[in-house]
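One structure below.
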Amino acid sequence: MSNEKIRVLLVDDHKLIRDGIEAMLLNTKDIEIIASVSSGEEAINEVRQNKPDVILMDIMMGGMTGVEATRWVKEFDPAVKVVLVTMEISKEYVSAGIKSGVDGYLPKDIDKDTLIDAVRTVQGGGRFFNDAIMKLVFEDFYSHEKLKSSDKKLPNDLTKREHEILNLVASGKSNKELAESLFISIKTVETHKTNILEKLGLKNTTELVRYAIKNNIISIDSL
């Protein structure tokens with residue numbers, strides 16, 4: 001094993017959780033906690049300034065979510081490893097985490113040895129998901145494979161994320177509901193909606209709904 005320590009950043013809006021994780025890792029010879037912060041925004045600043053090797057991060061925090069922060073981190077520096085450590089264990093959260101590029105995903109009730117193993121594994125280039133998470137991953141994968149053949153064609157120039165938002169907006173979801181279901185901020189939702197309207201040459205949500213019905217993106221029955 002290398003003499004260099006694995007530099008770890010802790011990100012959670014609950015100080016008690018951060019302190020608990022820090023205590024678990026404190027006397028591990030090859031791991032060093034370089035910072036402990038309470039938000040995704042602070043995590044991004046730490047990545048810019050101090051470039052940690054591994055980030056242990058919660059999903060649901062005030063402001064930017066862990067999923068959004070992971071996307072930014074991976075775009076800024078793909079070499080930084082991110083492990084989501086969270087109470088939120090569901091297909092939706094796991095899928096969103098994987099799509100954002102996480103290297104690991106763990107429940108908060110893991111033991112010390114599992115946490116240390118996860119940090120070492122992702123730093124070594126591997127991925128780390130416990131058995132419960134892997135079960136969800138495979139269930140989600142197979143359900144998507146079954147639906148793939150029935151996927152509708154994307155409207156011209158829309159990204160997959162914009163297509164997701166188009167579906168939800170046209171189905172009557174509010175910005176807040178959109179943000180919660182896609183694990184992004186309301187501001188990000190508004191930006192996507194603006195881009196969609198521009199690309200489709202539409203003026204407002206009403207025109208967007210009409211467009212979606214006319215092009216069989218949604219049906220009237222789904223409204």
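Couplings 3J(HN,Hα) for segment 19-26, derived from phi with the Karplus relation 6.51 cos²θ - 1.76 cosθ + 1.60 (θ = phi - 60°), are 5, x, 5, 4, 5, 5, 9, 3 Hz, where x marks Gly and Pro. Checked against a 23 Å cut-off, the cross-linked pairs 15/74; 108/160; 29/112 give Cα-Cα distances beyond that limit for 15/74; 108/160. Annotation: amide H of residue 31 within the under-5 Å range of 6, sequence separation 5 or more or interchain, hydrogens built in the peptide plane. Please identify which residues in segment 200-219 have an amide N closer than 20 Å to a label point set 7 Å out from the Cα of residue 157, following the Cα→Cβ vector. Within reach of a label on residue 157, which here means backbone N under 20 Å from a point 7 Å along Cα→Cβ, segment 200-219 contributes 200-217.
Is the shape of segment 25-134 best called rounded, prolate or oblate, per the rule: a/c under 1.5 gives rounded, else a/b larger than b/c gives prolate, else oblate, with a ≥ b ≥ c the square roots of the Cα gyration tensor eigenvalues? Verdict is rounded for segment 25-134.
Given +1 at the Cβ of Lys and Arg, -1 at the Cβ of Asp and Glu and no other charges, the dipole of segment 160-222 around its Cα centre is 140 debye to the nearest 20.
At an R0 of 35 angstrom, the distance between the Cβ atoms of residue 79 and residue 214 translates into a FRET efficiency of 0.15. Sorting the segments 59-68, 74-83 by their residues' average number of neighbouring beta-carbon atoms within 10 angstrom, most packed first, yields 59-68, 74-83. The alpha carbon gyration tensor of segment 1-90 gives principal lengths a ≥ b ≥ c with a/c of 1.5 or higher and a/b no greater than b/c, which makes the shape oblate.
Work the Kirkwood hydrodynamic radius out for segment 160-222: mean of 1/r over every pair of different alpha-carbon atoms, inverted, in Å.
About 11.6 Å, per the Kirkwood formula over Cα pairs.
The length gained on full extension between residue 177 and residue 164, counted as 0.36 nm times the residue separation minus their Cα-Cα distance, comes to 3.4 nm.
Each reported figure results from applying straightforward, stated rules to the coordinates on display, with no laboratory input. Nothing here was measured: the structure is a model prediction, and the numbers come from that model. Using ideal geometry, Cβ is built from the backbone for each residue, glycine included, and neighbour counts are taken over all protein chains shown.
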